[in-house]
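Written below as structure tokens is the structure these notes are about.
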Amino acid sequence: MTDRGGTPVATLEKIYTRAKELGLRFPYLGNVYNHRYENTYCPACGATLIERQGFSSRFRELDGTQCGKCGEKIGIVTHVG
Ligand SMILES: [Zn+2]
């Protein structure tokens, strides 16, 4: 579908907010460069767990599988093998 523009950022933000309201713990937006919702945050304290920018990402406040700030268990697999 190239006859229409991209989804407006405001619409994506509404979807993100609704996802949180519905109980999703780790929603994030893709292909929205330099937007705070590209990142993954701790659902308990709001610390940035995964910072994304385009196709790159890096772990921030993760201590193994816990939030490095508050200790919240984060259901994440950070490596395979
Ligand atoms: Zn936390």
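Take the range 38-81 and flag every residue that is of a type in the set (D, E, K, R) and open to solvent by 70 Å² or more (accessible area, probe 1.4 Å). First the steps, then the outcome.
Residues of the range 38-81 of a type in the set (D, E, K, R): 38, 51-52, 58, 60-61, 63, 69, 72-73.
Answer for the range 38-81, where residues must be of a type in the set (D, E, K, R) and open to solvent by 70 Å² or more (accessible area, probe 1.4 Å): R58, R60, D63, K69, K73.
Hey, can you tell me all the residues within the range 42-81 that are outside any loop (DSSP other than H, G, I, E, B) and over 12 Å from the mean Cα position of the chain (by Cα)?
Going residue by residue through the range 42-81, those that are outside any loop (DSSP other than H, G, I, E, B) are 48-53, 56-59, 62-63, 66-67, 73.
Listed by number, the residues that qualify are S56, L62, D63, Q66, C67, K73.
Has the range 58-79 got at least one residue that is within 16 Å of the ligand (Cβ to nearest atom), touching a residue at least 12 places away in the same chain (Cβ under 8 Å), among the β-branched types (V, I, T) and touching a Cys at 6+ places or on another chain (Cβ under 9 Å)?
There is at least one residue in the range 58-79 that is within 16 Å of the ligand (Cβ to nearest atom), touching a residue at least 12 places away in the same chain (Cβ under 8 Å), among the β-branched types (V, I, T) and touching a Cys at 6+ places or on another chain (Cβ under 9 Å).
Could you list all residues from the range 1-14 that are hydrophobic (A, V, I, L, M, F, W, C) and open to solvent by 100 Å² or more (accessible area, probe 1.4 Å)?
So in the range 1-14, the residues hydrophobic (A, V, I, L, M, F, W, C) come out as 1, 9-10, 12.
Across the range 1-14, the qualifying residue is only M1.
Are any residues in the range 58-81 over 14 Å from G46 (Cβ atoms) and among the β-branched types (V, I, T), and if so, which ones?
T65, I76, V77, T78, V80
Specify which of the listed residues (R18, R25) is of a type outside the set (G, A, S), open to solvent by 50 Å² or more (accessible area, probe 1.4 Å) and assigned to a loop (DSSP other than H, G, I, E, B). Before you say what the answer is, go through the steps one by one.
Working: R18 fails: assigned to a loop (DSSP other than H, G, I, E, B).
Among R18, R25, only R25 is of a type outside the set (G, A, S), open to solvent by 50 Å² or more (accessible area, probe 1.4 Å) and assigned to a loop (DSSP other than H, G, I, E, B).
The values are calculated or read from the model by the stated rules, or taken from the named source; none is laboratory data. Predicted model only: the values in this text are computed from it and were never measured. Reconstructed Cβ throughout: ideal geometry from the backbone, glycine too, with neighbour counts over all protein chains shown. All accessible areas refer to the heavy atoms of the entire protein, side chains included, with ligands and DNA or RNA removed. Shrake-Rupley method; radii C 1.70, N 1.55, O 1.52, S 1.80 Å.
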